[in-house]
Amino acid sequence: MVEQYNGAIFQGEIGQNSFYLTQVKTISTASSLSLDQLGKMVTYLGEQKDSCYITVNDQIPILLRGEDMEHLVADLKIILQRLH
């Protein structure tokens, strides 16, 4: 069973053991993220102070600051919770 997820930063499909990412903010993408990768992203974002970059489609850097970082962490935690 696949569940659609439309968060503040990430949009995609929650599957059985992975998240299929289809959009980051307003940029379309296609990427499958495992539980491990999602967990590592939460850890990484938790270690950042003011801002960080994430890369979409291995070419487009997106700068995330304060509120965007908080929104992404919240998105990731919801996705992880639904995957478990």
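The values are calculated or read from the model by the stated rules, or taken from the named source; none is laboratory data. Since this is a predicted model, take the numbers as computed values, not measurements. Here the Cβ positions follow ideal geometry from the backbone for every residue, glycine too, while neighbour counts run over all protein chains shown.
Close Cβ contacts (under 7 Å, 6 or more residues apart or on different chains) running from residues in segment 31-47 that are under 15 Å from GLN16 (Cβ atoms) to residues that are among the hydroxyl-bearing types (Ser, Thr, Tyr) and in a strand (DSSP E or B) comprise SER32/SER18; SER32/TYR20; LEU33/SER18; SER34/SER18. The criterion of being more than 20 Å from TYR20 (Cα to Cα) and at pLDDT 90 or above holds for ARG65. For the condition modelled with pLDDT under 95 and either of a type in the set (A, V, I, L, M) or touching a Cys at 6+ places or on another chain (Cβ under 9 Å) (or both), ILE54 qualifies. Only a single item in (1) assigned to a strand (DSSP E or B); (2) surrounded by 15 or more Cβ atoms within 10 Å (Cβ to Cβ); (3) at pLDDT 95 or above is not met by HIS71, and it is number (1).
When the residues of segment 22-56 are filtered to those that are assigned to a helix (DSSP H, G or I) and not hydrophobic (A, V, I, L, M, F, W, C), the one that is nearest to ILE79 (Cα to Cα) is GLY39. Among the residues of segment 26-84, those identified as of a type in the set (Asp, Glu) and under 22 Å from VAL2 (Cβ atoms) are ASP36, ASP75.
Filtering segment 12-21 to residues that are surrounded by fewer than 18 Cβ atoms within 10 Å (Cβ to Cβ) and either assigned to a loop (DSSP other than H, G, I, E, B) or under 11 Å from the mean Cα position of the chain (by Cα) (or both) leaves GLY15, GLN16, ASN17, TYR20. Checking the structure you have, find out if any residue of segment 57-65 is in contact with a strand residue (DSSP E or B) (Cβ under 9 Å, 6 or more places away or on another chain), in contact (Cβ under 8 Å) with a residue 40 or more places away in the chain, of a type outside the set (S, T, N, Q) and in a helix (DSSP H, G or I). No, segment 57-65 contains no residue that is in contact with a strand residue (DSSP E or B) (Cβ under 9 Å, 6 or more places away or on another chain), in contact (Cβ under 8 Å) with a residue 40 or more places away in the chain, of a type outside the set (S, T, N, Q) and in a helix (DSSP H, G or I). When VAL24 is tested against (1) over 15 Å from GLN11 (Cα atoms); (2) surrounded by 13 or more Cβ atoms within 10 Å (Cβ to Cβ); (3) in contact (Cβ under 8 Å) with a residue 24 or more places away in the chain, exactly one condition is not met: (1).
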